[in-house]
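Scroll down for the structure; my scribbles are underneath it.
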Amino acid sequence: MNPFRKVLVANRGEIACRVMRTAHRLGYRTVAVFSDADAGAPHVRQADEALHIGAPAAADSYLNIAALLAAAQRSGADAVHPGYGFLSERADFAQACADAGLVFIGPPPAAMRAMGDKAAAKRRMLEAGVPCAPGYLGQDASDERLTAEAERLGLPLLVKAVAGGGGRGMRLVHRFDDLPAALAGARREAISAFGDGTLMLERLIDHARHIEIQVFADTHGHAVHLGERDCTAQRRRQKVVEEAPSPVVSPAMRAAMGADAVAAALAVGYVGAGTVEFIVDTAGRHFFLEMNTRLQVEHPVTECITGLDLVEWQLRVAAGEPLPLSQEQIRFSGHAIEARLYAEDPYDGWKPQTGRIVDWRPEQATNLNHAAGGVRIDHGICTGSEITPWYDAMVAKVIAHGHDRADAVRRLTRALEDAPLFGLRHNGRFLRDLLNHAQFTAAQLTTTQLDEWAASGEALLQRPAVPEAAWRIAAAVLGGKSVDGVRPASVNAFDLTLDCDGERRTLRAPPEGIAVLSLGDGVLRCRVDGVHRRHPCVQVGATLQLAIDAAVFGFTEASPYPAVTADNDPRKACAPVAGTVAQVLVAVGDAVLAGQPLVCVEAMKMELWLHAAAAGTVQALHARVGQPVGAGALLVALEINEGNTA
């Protein structure tokens, strides 16, 4: 047995809060760690103790093994839970914890090493009889060898980091001309995220679905699977919606995939929670992709259909207990779906968003569903939280459990509508629309569907128009105030000009047929053409943020004074978002062509490129690799060639 009493959670955000919730229920004390950027974060307040571990950059805090071990020693923690992401799949971290006398709540280092190298893992799976997709897994990972192997395998294919996970260090290649950039980008991202730029190739299986199996093993030789999760809905290789069970998996297929997943775990001496990921082709054949040696982001859907607490199982297995149930005792009930709420703009190329959360009330959704227990929201944010560029763009997970798939979709749709996030753009409306899209309903999505829709201009990825009723409601609410003070009581009716999402409208205020009944506690109650309605709503300064159908619209009365704006200046290449400079391709004095890439900024797992707006010469460079930059910061100044200015 490995008894422990105090658990340090070597992570942040919603997963840190999630782990602490179960740990507290089981009687464990918890210790949080935090960077400068997270000093006021909810996970810090939820823990029994909290210690500062470094600067905002993950390399200086959440990836700093020495700082984490020092925090454990200072706090008296005798166990470490890694959460997911960061160091959760690093064998050297698990080994360092063991060497320091700490119980690592995860698999042994040897199993992590076996599965951490994706190429080596596939070789072991082939030896164990687990089917694998065609690819190149050789030791020679030079560009020359990878190019030759790509020509042998054919297109499309995936370039993948052998130490990768979570979509990092991965590129999809459809044309051989794009291969050099894909190799360079995947290697650069892999070095940044995992400290290892070694690459492998994998033949892309077209029109595929992504199905994964949750496995659990203990130190007594027992291993089971807890069914599958369907994670097919992805954008840029990042999961967006996950569900259990999969709508395309039969009982026979579940048994076959489950047996292969358990065989994969036993082949490497696995202990604890793990996920074996498969790609499934149109004929229903499954192929091993990789094993994630940690708890998954999407574990709540498995918890919903099994009625089990997977973090509790992790803690019990880490303490040396046998698995609570045998394979025959595991039962599945109903259907569960999880939607990842990202601070990103799906209508602008999934661009990451940063800023302050002005209002977040998840209880508005969970309380309404409390009696049925149908909705759960896992998050690590609160009103006033600052979303920074330093970490992942996911801010919350909204999960619904129903007696069947349609029931779960209906519950999840309402939860997204009832608990909007105010203060910055996010993908809430997109999630709501995706869940109700005909191809999702028919279970006809593929892993590349969302990217294909983005390229083709699918309506799902077009920014929603501001509803007509929303303009009238905003006019009714804002009609009592002006941008420069309270209007005189003698003014009964007037023209009110409002701005929203780049559109400007002039309405007569107060508008006919609209009555504001109350506005407070995050809810607006109003009467619209005789119908009483409620909408999540907050007023921040001169701006009214109104949520309708999971979309948030910000209305502001137009100023009577002319706005001071700066036109797009081709002489200035500025950072599109706050982030870190990942690559600089030019130097002072270089001649550049219109459209030429200049600088790459990485933020929230995405690389965003700045391109020259016109031909010219680099006059000044204000960017270096690794440098943090703010949104709008000038990175490259150009002297535009005569005749190219507007």
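The values are calculated or read from the model by the stated rules, or taken from the named source; none is laboratory data. Keep in mind that this is a model prediction, so the values were computed, not measured. Counting neighbours? That spans all protein chains shown, and the Cβs are built from the backbone with ideal geometry, glycine included.
A few comments on the model shown:
- Out of 263, 208, 267, one residue alone is touching a Ser or Thr at 6+ places or on another chain (Cβ under 7 Å), in contact (Cβ under 8 Å) with a residue 60 or more places away in the chain and either small (Gly, Ala, Ser) or outside the structural domain of residue 395 (by TED's automatic domain parsing) (or both). It is 208.
- Figure legend. Inter-residue proximity from segment 275-300: first residues farther than 20 Å from residue 121 by Cα, second residues part of a strand (DSSP E or B) and small (Gly, Ala, Ser), beta-carbon distance below 9 Å, spacing 6+ or different chains. Indicated pairs: 298/244; 299/273; 300/336.
- Pairs, first modelled with pLDDT under 95 in segment 469-485, second outside any strand (DSSP E or B) and among the polar types (S, T, N, Q), C-beta under 9 Å, six or more apart: 483/559; 484/559
- Scanning segment 263-276 for residues being under 21 Å from residue 84 (Cβ atoms) and either out of contact with any helix residue (DSSP H, G or I) (no Cβ under 9 Å at 6 or more places or on another chain) or part of a helix (DSSP H, G or I) (or both) gives a total of 2.
- Residue ID - surrounded by the most Cβ atoms within 10 Å (Cβ to Cβ), chosen from residues in segment 215-245 that are assigned to a loop (DSSP other than H, G, I, E, B), in contact with a helix residue (DSSP H, G or I) (Cβ under 8 Å, 6 or more places away or on another chain) and not charged (D, E, K, R): 245
- The residues in segment 31-58 that are in contact (Cβ under 8 Å) with a residue 40 or more places away in the chain and of a type in the set (S, T, N, Q) can be counted, and the count is 1.
- Being closer than 27 Å to residue 60 by Cα and surrounded by 16 or more Cβ atoms within 10 Å (Cβ to Cβ) is a description that does not apply to residue 614.
- Note on segment 497-520: among residues that are in contact (Cβ under 8 Å) with a residue 40 or more places away in the chain and of a type in the set (Asp, Glu), the one that is farthest from residue 544 (Cα to Cα) is 501.
- Residue among 93, 34, 86 that alone is under 24 Å from the mean Cα position of the chain (by Cα), of a type in the set (Phe, Trp, Tyr) and more than 28 Å from residue 215 (Cβ to Cβ): 34
- Residue check for residue 491: over 28 Å from residue 425 (Cα atoms) and modelled with pLDDT of 95 or more: no
- Options 341, 323; residue that is surrounded by fewer than 22 Cβ atoms within 10 Å (Cβ to Cβ) and in contact with a His (Cβ under 7 Å, 6 or more places away or on another chain): 323
- Search result, residues across segment 1-12 that are crowded, with 24+ Cβ neighbours inside 10 Å and outside any strand (DSSP E or B): 10, 11, 12
- Restricting segment 92-107 to residues that are touching a residue at least 12 places away in the same chain (Cβ under 8 Å) and surrounded by fewer than 21 Cβ atoms within 10 Å (Cβ to Cβ), the residue that is nearest to residue 312 (Cα to Cα): 103
- Of the residues making up segment 263-317, those that are farther than 24 Å from residue 92 by Cβ and not aliphatic (A, V, I, L, M) number 20.
- Qualifying residue in segment 441-452 (condition: among the acidic types (Asp, Glu), without any contact (Cβ under 8 Å) to a residue 60 or more places away in the chain and within 19 Å of residue 553 (Cα to Cα)): no
- Helices (runs of 4 or more DSSP H) completely within segment 401-514 that count 2 or more residues being crowded, with 22+ Cβ neighbours inside 10 Å: 405-418, 428-435, 468-478
- Meets criteria (touching a Gly at 6+ places or on another chain (Cβ under 7 Å) and either modelled with pLDDT of 90 or more or of a type in the set (D, E, K, R) (or both)) for residue 509: yes
- Any hit, segment 355-369, residues being touching a Cys at 6+ places or on another chain (Cβ under 9 Å), assigned to a loop (DSSP other than H, G, I, E, B) and either modelled with pLDDT of 90 or more or assigned by TED's automatic domain parsing to the domain that holds residue 411 (or both): yes
- Residues that are hydrophobic (A, V, I, L, M, F, W, C) and not in a helix (DSSP H, G or I) within segment 13-28 comprise just one, 26.
Matching residues to (1) surrounded by fewer than 23 Cβ atoms within 10 Å (Cβ to Cβ); (2) closer than 17 Å to residue 446 by Cα; (3) modelled with pLDDT of 95 or more; (4) not charged (D, E, K, R):
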residue	(1), (2), (3), (4)
272	no, no, yes, yes
276	no, no, yes, yes
281	yes, yes, no, no
285	yes, yes, no, no
295	no, no, yes, yes
298	no, no, yes, no
302	no, no, yes, yes
